[in-house]
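Chemist: Before anything else, here's the structure in question.
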Amino acid sequence: MLEVFDIRKSFGKTEVLKGIDFKLHDGEVLVIIGSSGSGKTTLLRSLNFLETPDEGKIIVDGETIFDASAPELSDAVKRQNRLKFGLVFQSFNLFPQYTVLRNVTLANELLCIEKERAQTGRKPSRARKAEIAYECEAKARELLCRVGLEQKMNNYPFELSGGQQQRAAIARALALSPSVLCFDEPTSALDPELTQEVLKVIRSLKDENRTMIVVTHEMEFASHVADRVIFMADGVIKEEGTPEEVFGNPKSSALKAFLAHSK
Amino acid sequence: MLNPTFTAVTLNLLESFGQNLLLFFSTLVLALPLGLLICFGSMSKFRPFRFLLKLDAAHIEDNGEKPRFTAVVLNAVGDFKPIAAICRLIVWIIRGTPLLLQLYVVFYVPGLVFNMPIRTRMTAALIAFVINYAAYFSEIYRGGIESMARGQYEAAQVLGMTKTQVFFKVILMQVVKRIVPPMSNEIITLVKDTSLARVIAVPEILKAAERYSSNGLVWPLFYTGLFFLIFNGLVTIVLEKVEKAFGYYKN
Ligand SMILES: Nc1ncnc2c1ncn2[C@@H]1O[C@H](COP(=O)(O)OP(=O)(O)OP(=O)(O)O)[C@@H](O)[C@H]1O
Ligand SMILES: [Mg+2]
């Protein structure tokens, strides 16, 4: 379970997050909607340790992984904690010099080697490294099949369509088995036809009961995939509830205006 | 005393061109890593006086009033990055003065000022060239690194990579691809610049040709151009190969 308490973040004088609280149970999908500049990206970036909130606390499965009032975490601990989360970017950010398969295996392989080293106290042998690489590759192939990229594993990112790149980025994030997978407008850089293939993958992840946070402007998709919806405005959570409540029965005028606008 | 036949001149020039090649390759091998070091230095964020920023006296109110003088000074000193400042100062001096002058400085200053003359002229030339080219290379590296999109760092970080892994596994290859064309320019310039070493009497090819011309035989001077052309042709072929090697992907 993810618990977020009173996250606040300012950039210079502008307060972008003004106290965000929410809980997310395992297997739930939380969709965050809100107009441009309301702080959705900043919230996801805070969860993924790309921004450091000025105040607040983040707890995953009872373990405090961030606490602004505690002394700053060492890089190693921060690195460990951020692995609880995965992040899929709007602009994919695949590594262009590696094949799709390598994009998915790279980080996992580095982590497995590191783990083995910590356990045994010495560098794994070359043979052992090859074994680890083999295991990571098997997992990566499976994930790439799951997102429908079995034909493109050995291609480079520039040879893929936007939708394929985004699906590869999803597989890359899944390779580290994060507790919570976050998506920041995963389809807003895509054409409508390509949008659907990515949304389909996210829907299939929901069917596997993955815990996810999705920031999106696709209202139709949001109402289908969400267990809970948060409407953000101006750095606060304005409304929160089931999709039926938020989409079917908006209370604030801000949400009404927002929904009318996005139709 | 000088044999003016074509074969004799060619052999003589070829031998002295060996000095140009020695200087070229040694400079390249040493300046490439030194440039990276200077580049890291000039991007260093090390702020030894950072604690000053935390002092109450350093606090600047956001209320539009003019901040107190002590606060401004404390903030400036607290933000001071000495390693970056030193590296950028060095780069500014090296790029802002002629290489010719730097050759004189390296050759004469240790002897005149510290009474420790540099024994061989080649060593002096090499020191001047390495420092000069490392400064240029460092700026090319820095441009390459700073032109990287933030998303690449962030994607790698989010995947749990350490800073070292992010740099070596994700960033470096992309930077190298970007800097090959500007580096090629510098490297070709370096081939030609080696002839400057004659001002401190390194027996390089133009120096050798000048011995003929001061004896009334001018054509060897022009003939030296062919040596540079041919060698730079080879260098260009190699550099194009390198560029092609990175052509398998697009950034
Ligand atoms: N690094 C930064 N420095 C300064 N201001 C920032 C920074 N990042 C975000 N902001 C500001 O914070 C506010 C919220 O930005 P954020 O990107 O979180 O909004 P968003 O809800 O994701 O919007 P969009 O729907 O357009 O993606 C904006 O006003 C933005 O200008
Ligand atoms: Mg955003």
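The values are calculated or read from the model by the stated rules, or taken from the named source; none is laboratory data. Please read all numbers here as calculations on a predicted model, not as lab measurements. We place every Cβ from the backbone using ideal geometry, glycine too, and count neighbours over all the protein chains shown. Please note that ligands, DNA and RNA were not included when accessible areas were found on the heavy atoms of the full protein model with its side chains. Shrake-Rupley method; radii C 1.70, N 1.55, O 1.52, S 1.80 Å.
Chemist: Answer with yes or no whether A:Leu194 is of a type outside the set (D, E, K, R) and either touching a residue at least 60 places away in the same chain (Cβ under 8 Å) or within 16 Å of ligand 1 (Cβ to nearest atom) (or both).
Modeler: The answer is no for A:Leu194.
Chemist: Further question on the same structure: Among the residues of the range B:19-64, which ones are small (Gly, Ala, Ser) and exposed (fewer than 13 other Cβ atoms within 10 Å of the Cβ)?
Modeler: If the condition is that a residue be small (Gly, Ala, Ser) and exposed (fewer than 13 other Cβ atoms within 10 Å of the Cβ), then B:Ala57, B:Gly64 are the ones that fit.
Chemist: With B:Ala197, B:Ala155 as the choices, which residue is at pLDDT 95 or above and touching a strand residue (DSSP E or B) at 6+ places or on another chain (Cβ under 9 Å)?
Modeler: B:Ala155
Chemist: If I filter the range A:191-202 down to residues being in contact with a helix residue (DSSP H, G or I) (Cβ under 6 Å, 6 or more places away or on another chain) and open to solvent by 20 Å² or more (accessible area, probe 1.4 Å), which single residue comes out as nearest to ligand 2 (Cβ to nearest atom)?
Modeler: If we take residues in the range A:191-202 being in contact with a helix residue (DSSP H, G or I) (Cβ under 6 Å, 6 or more places away or on another chain) and open to solvent by 20 Å² or more (accessible area, probe 1.4 Å), then A:Leu194 is nearest to ligand 2 (Cβ to nearest atom).
Chemist: Okay, moving on. Would you list the helices (runs of 4 or more DSSP H) that sit entirely within the range A:24-131 and hold 1 or more residues that are buried (at least 19 other Cβ atoms within 10 Å of the Cβ) and within 16 Å of ligand 2 (Cβ to nearest atom)?
Modeler: So the answer is A:40-47.
Chemist: What do you reckon, is A:Leu101 under 30 Å from B:Ile171 (Cβ atoms), within 13 Å of ligand 1 (Cβ to nearest atom) and among the aliphatic types (A, V, I, L, M)?
Modeler: no
Chemist: Of all the residues that make up the range A:1-23, how many are within 16 Å of ligand 2 (Cβ to nearest atom) and either within 15 Å of the chain's Cα centre (by Cα) or buried (at least 16 other Cβ atoms within 10 Å of the Cβ) (or both)?
Modeler: 5
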